[in-house]
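Participant: Once you've had a glance at the structure underneath, I'll fire off some questions.
The values are calculated or read from the model by the stated rules, or taken from the named source; none is laboratory data. These numbers come from a predicted model, not from an experiment. Neighbour counts run over all protein chains shown; Cβ positions are idealised from the backbone, glycine included.
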Amino acid sequence: MKNFLIVKLSAIGDVIHALPVAYALKEQYPDSHITWVVEPPAFELVSMSPYIDEVILFEKKKFKSIGGFLREYGPIKRKIQKRRYDAVLDLQGLFKSAAIARLGQAPVKLGMCNMREFSDKISKPVVGAHANGHIVERYLDVARALGCPVNEVRFTLDVPDREANLAHQIFAQAGANMDNPYVVLAVGANWPNKRWPTEYFAALADFLYDRQLIPVLVGGGMVDEQRAAEICSHSEVPPLNLVGRTNFKQLAYILQNTRLTVGGDTGPVHLSAGLGTPTIMLMGPTDANRNGPYGQLHHAIEVDRPCRYCWQRACPKQLDCLAAITTEQVLKKVEEIL
């Protein structure tokens, strides 16, 4: 097999989980060409993988109007069909990814075990040995179906020297030396009930300072900026606030060099785990068996509520889900790791 098309569009955490598929294909077919179709938020992430040869950007917003569809369909079709593929892997399993997978000219089209929105009509679902296991392994089952033994799971990302140097400069501009030991706190998440309370993060930051570790806040967007401001106001000494100040390449470098990462079920925390950094994930609506920090499930702290694993974006009971995970629980886990 020489050419593969992978369709994994979003979200950032899910794209991170799918990255090992590229290495698995290259491990078995080292001379192959891998093309990956992705949406803008994860474009930079996919572009950092040394195992992905070509990245095609799918800008979903441009397809929402009839005029936009007519204008954009031709160019993306030509990009996808400029080569023939031996296999198309739809790792998204939705209508939008099925539409893209349909454009790929290949004798084999496979998808993951839980295909939705009629995507299984285009790509055959692979119900492998890990269909009830971690999402990373579910994705890798698709590679296994193509003859990949998956001897090693790699999330490798190459950070350019320029971005690494800029990360050091960003630290310095914020008032810290990156060569000093620090701990990353990922303050936000897309789902409201995946966010640990800000006053708890503040207590953790004070605990880290007492142990000569710099707490570093990361995230992006207005909600995360507001949460970071609340954490700083609750802390005895404000942590280093890098929310909204890094791009993905700089964030990856920061996560590669931190002593520890703490946060909810969100992209930066999954990236940290994938990079092999010690990672504590605080979980409530999602379960560690499927979504926990890959390779470090023993570092997941799950909320002690009978309604956990509800997979609801916002709590139908109006509970602050992760508030049931106490600072004492997290501090104990931090001490175990450090």
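Participant: Among the listed residues Gly104, Gly133, which satisfies the condition of being at pLDDT 95 or above, in the same structural domain as Val21 (by TED's automatic domain parsing), in contact with a Lys or Arg (Cβ under 9 Å, 6 or more places away or on another chain) and under 23 Å from Pro41 (Cα atoms)?
Facilitator: Gly104
Participant: Can you spot a residue in region 50-61 that is closer than 15 Å to His17 by Cα and hydroxyl-bearing (Ser, Thr, Tyr)?
Facilitator: yes
Participant: Here is a follow-up. Could you check, for region 299-317, whether at least one of its residues is in contact with a Lys or Arg (Cβ under 7 Å, 6 or more places away or on another chain) and either assigned to a loop (DSSP other than H, G, I, E, B) or touching a residue at least 60 places away in the same chain (Cβ under 8 Å) (or both)?
Facilitator: yes
Participant: Restricting to region 195-230, give me the number of residues that are assigned to a helix (DSSP H, G or I) and either crowded, with 23+ Cβ neighbours inside 10 Å or hydrophobic (A, V, I, L, M, F, W, C) (or both).
Facilitator: 11
Participant: Any idea which residue in region 232-264 is nearest to the chain's Cα centre (by Cα), counting only those that are assigned to a helix (DSSP H, G or I), of a type outside the set (S, T, N, Q) and farther than 27 Å from Leu297 by Cβ?
Facilitator: Lys249
Participant: Here's something else I'd like to know. If you check Asp90, Asp120, Asp86, Asp161, which single one turns out to be of a type in the set (Asp, Glu) and under 22 Å from the mean Cα position of the chain (by Cα)?
Facilitator: Result: Asp90 is the single residue among Asp90, Asp120, Asp86, Asp161 that is of a type in the set (Asp, Glu) and under 22 Å from the mean Cα position of the chain (by Cα).
Participant: Can you tell me which of Val334, Val303, Val269 is at pLDDT 95 or above, within 15 Å of the chain's Cα centre (by Cα) and among the β-branched types (Val, Ile, Thr)?
Facilitator: The unique qualifying residue is Val269.
Participant: Working only within region 139-161, note down all residues that are touching a helix residue (DSSP H, G or I) at 6+ places or on another chain (Cβ under 8 Å), within 22 Å of Leu297 (Cα to Cα) and not hydrophobic (A, V, I, L, M, F, W, C).
Facilitator: Correct list: Tyr139, Asn151, Glu152, Arg154, Thr156.
Participant: How many residues are in contact with a strand residue (DSSP E or B) (Cβ under 6 Å, 6 or more places away or on another chain) and among the acidic types (Asp, Glu) when one looks only at region 240-291?
Facilitator: Number of matching residues: 1.
Participant: Determine which single condition Ala189 fails, assuming it passes every other condition in (1) surrounded by fewer than 21 Cβ atoms within 10 Å (Cβ to Cβ); (2) part of a loop (DSSP other than H, G, I, E, B); (3) small (Gly, Ala, Ser).
Facilitator: Only one criterion in (1) surrounded by fewer than 21 Cβ atoms within 10 Å (Cβ to Cβ); (2) part of a loop (DSSP other than H, G, I, E, B); (3) small (Gly, Ala, Ser) is unmet by Ala189, namely (1).
Participant: Then there's this: So Ser123 passes all but one of these: (1) touching an Asp or Glu at 6+ places or on another chain (Cβ under 6 Å); (2) not assigned by TED's automatic domain parsing to the domain that holds Ser32. Which condition number does it fail?
Facilitator: (2)
Participant: Scan region 18-31 and give yes if some residue there is out of contact with any Lys or Arg (no Cβ under 8 Å at 6 or more places or on another chain), loosely packed, with under 15 Cβ neighbours inside 10 Å, outside the structural domain of Pro293 (by TED's automatic domain parsing) and on the phi < 0 side of the Ramachandran plot, otherwise no.
Facilitator: Looking through region 18-31, at least one residue is out of contact with any Lys or Arg (no Cβ under 8 Å at 6 or more places or on another chain), loosely packed, with under 15 Cβ neighbours inside 10 Å, outside the structural domain of Pro293 (by TED's automatic domain parsing) and on the phi < 0 side of the Ramachandran plot.
Participant: In this structure, does Arg83 turn out to be touching a residue at least 60 places away in the same chain (Cβ under 8 Å) and more than 27 Å from Ala164 (Cβ to Cβ)?
Facilitator: yes
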